Amino acid sequence: MKKTFIAFLSLVAFCSCSSVKEYQKSKINDAEMALTAKKTEKFENTFQLYREASSGANGGKTGGGCGCN
Amino acid sequence: MKKRLITAACLAFLFAHQSKAQNDSISSNYKKQKLKIEEINFITSYYTQDGNNSAVTGGEGTEKLTDIATNFEVILSKKDKRNNVHTIDLNVGIDSYSSASSDKIDPSTVTSASYQDIRIYPSANYSYENEEKKTVYNAGVSFSAEYDYFSIGANVGFAKTSKDNNREFSVKGMAFFDTWKVILPIELRNNPSDNDARHNDSKPRNSYNLGLALSQVINKNFQIALLADIGYQEGLLATKFNRVYFEDLSVRSEKLPNTRFKIPIGIRGNYFLNDKIVLRTFYRYYYDNWNINSHTFSFEPSYKLTEFSSLSIPYRFYQQSQAKYFDAKNQHELTNEYYTSDYDLSKFSSNMIGLGYHVVDSNKGIFNIKRIHSFDIRYGYYTRTDGLDSHIITLALQFK
C-alpha cells in the first residue's frame, strides 16, 4: 500500500501543472470533480469514524460526540 | 522626454478621474442587499449493523444497532458594496438510534440508559469571502447533546486561492469541549474497578484539531488535494460502560490513557477520464500514539447517464493495526495498566461497496418540482473481517 502511495505521489509530482484558464474548466467544475466528500457520504463518514479507530483528513468529523454505541 | 512626461501625467489624471467616477457610480448604484437563501439541503439516512463482538459485554455479544439520521441545512448569503460575499450556514442534525449492546449495561432493566437515544447537533458557521484578494475567513460553533454526552465545538479557518484560481491553501482549527455523564456496568456501580470515574460522575473530553489542505488543478481533466489533520485529545477517552474480562475471569470497566495524538494525511485525486466517466480516488495514512496504523483507499467511478444524471459505484478498502491496549475476552493480564476489548480498536480490514445515483436539473426541477435542484440516493454495504457488517442508505435533496 505504501509503495502504491509513493508511486501515486511521484506520478503527481512529475505531472506538469499547466495553467488552466477559466473557460477550460468545464470538467474541473463538474460537481463529481469536487475535492470534498459528497453530501451523501456525510453519514457514511460518521459511522466509519465510530466503527474504525482512524479519523481525519477526509473532510469529515474529527472530534466531538462520543461514538460509543 | 518632456512630451513623454506630459503624456504620462495626462494619462494618470484621466485614469484617476475615471476611476473616481467609476467608484462614485458603484456607490451610487449600490443597493443594499438582503440575505438570500442560496440553498437548502436535506439529508437522511438509515443505518443498520450486526456483529458479535460487543464491547459492552467484553468483546463477545450482539452489536446490533440501527440509526436513523437526518440533517437539515440552510445556506444564506449576501454581497456587500465591495462585492465581498458573506455566507451563513445553519445546520441541525438529529440521530435516533437503538443499540442492543447498550441494553446490556444493565440487563435487569427493560431498557437501560443508552438502549435508545436521540442525539441533536445544531451548528452555525459564518464565512467572509474577499473576491479581490481571493481569501476566505470563516468561523463557527457547534453543539451536540444526547443522554450521557454533551459537546460544544468551535472552529476558525482561512483559505487563500491563487490568482488563476488553480491552487488553494486552507487551514482550519477546531476544538471540541465534551462532557460525559459516566455510566458504569451494573455490577461495578457500587464497586468501581478503578479511580477514573464513579457512576454518574461528569468527566471532560477535549479534542483539538488542526486541518491543512492544499488543492491544485493539474490540467483540464485532473485535480488533486493534499490533506492533513493533526489531532490531540485529552480527558476521559475510555467508554466506562464497556466491560473487560481478565485471564482470571474477573471484570473491570474499560481503561485507556487520558491523551491521544493522531496524525492522518491524505490525498484526493479526481480525474475526468472522458466525456462520460469521472474517477474519484482517495488515500489516507493514519498513525496515533496508541500504536494504530491504518490505510484507507477509496475509488469511485462515476458514469454520466445524461448531461444531468450519473451513476456511481463507490468502493472503499480499510485496514488497521490493533491498539496496544486491546485484547480479546479473558486474555488481559491483571498487571495491564490500560485495557480494552473494543473490537473497533482491534486489528481488522474492511471493504465497502455501494451504488449511487445523482440527478440535477435547475430548469424543470426534479419530479417536476422546480424548487428541487438535485436528488441523490446512495447505498453502501460494509463488511469487516471480524464479522461485523452493515448497510446504509442515504437520500439527499437540494432545494434552491
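Partner chain Cβ atoms within 10 Å, averaged over the residues of B:259-270 - can you pull that number for me?
Counting other chains' Cβ atoms within 10 Å and averaging over B:259-270 gives 4.
The residue among A:SER18, B:SER193, A:SER55 whose Cα reaches farthest toward the positive pole of the charge dipole of the protein assembly as shown, with charges on the beta-carbon of Lys, Arg, Asp and Glu, is A:SER18. Relative contact order of segment B:29-146, taken over Cα pairs closer than 8 Å and 6 or more residues apart, is 21 percent. If you model segment B:256-400 as an ellipsoid using its alpha carbon gyration tensor, with each semi-axis the square root of five times an eigenvalue, the axes come out at 41, 16, 14 Å, biggest first.
Across peptide A:18-30, the mean count of Cβ atoms from other chains lying within 10 Å of each residue's own Cβ comes to 5. Classify segment B:233-326: rounded, prolate or oblate, from the alpha-carbon gyration tensor (a ≥ b ≥ c, eigenvalue square roots; a/c under 1.5 rounded; otherwise prolate if a/b is larger than b/c)? It is prolate, given that a/c is not under 1.5 and a/b is the larger ratio. Each Lys and Arg contributes +1 and each Asp and Glu -1, all at the Cβ; summed about the Cα centre of segment B:129-394, the dipole is approximately 860 debye. In this simple spin-label model, placing a label point 7 Å from the Cα along the Cα-to-Cβ direction at both B:ILE120 and B:SER202 gives a separation of 1.8 nm. Highest GNM mean-square fluctuation among B:ASP178, B:ASP361, B:ASP248, for chain B modelled with Cα contacts below 10 Å: B:ASP248. Segment B:256-286 and segment B:181-245 have Cα centres separated by 20 Å.
Pairs from the list B:LYS36/B:LYS220; B:LYS64/B:LYS329; A:LYS21/B:LYS32; B:LYS172/B:LYS203; A:LYS25/B:LYS400; B:LYS64/B:LYS276 with a Cα-Cα gap above 30 Å: B:LYS36/B:LYS220; A:LYS21/B:LYS32; B:LYS64/B:LYS276.
Charge tally around B:HIS358: other residues with Cβ under 13 Å, Lys/Arg +1 each, Asp/Glu -1 each, net -2. For chain B, the relative contact order works out to 12 percent when only alpha carbon pairs closer than 8 Å and six or more residues apart are counted. Residue-normalised convex hull volume from the C-alpha trace of the protein assembly as shown: 184 Å³ per residue. Compute the long axis of helix B:2-29 from its Cα atoms, compare it with the longest principal axis of the Cα atoms of chain B, and write down the angle in degrees, 0 to 90, nearest 10. So the helix axis and the longest Cα principal axis differ by about 60 degrees.
List B:PHE246, B:PHE261 from most exposed to least, where exposure is judged by having the fewest other Cβ atoms within 10 Å.
Working: B:PHE246 20, B:PHE261 13.
So the residues, fewest neighbours to most, are B:PHE261, B:PHE246.
Using Cβ point charges alone (K and R +1, D and E -1), the dipole size of segment B:144-268 about the Cα centre works out to roughly 540 debye.
For chain B, a/c is not less than 1.5, where a ≥ b ≥ c are the root eigenvalues of the C-alpha gyration tensor, and a/b tops b/c. That puts it in the prolate class. Measuring between their Cα centroids, segment B:313-373 and segment B:85-155 lie 18 Å from each other.
Got the relative contact order for segment B:317-400 handy, in percent, Cα pairs under 8 Å and 6 or more residues apart? Reported as a whole number, the value is 24 percent.
Across the options B:GLN322, B:ILE353, B:THR340, the greatest Cα extent toward the positive end of the charge dipole of chain B (unit charges at beta carbon of Lys, Arg, Asp, Glu) belongs to B:ILE353.
All of the numbers you see were taken from the coordinates with simple rules; none came from a lab. Everything quoted here is computed from the prediction, not taken from an experiment. Positions of Cβ are generated from backbone atoms using ideal geometry, with glycine treated the same way; all protein chains shown enter the neighbour counts.
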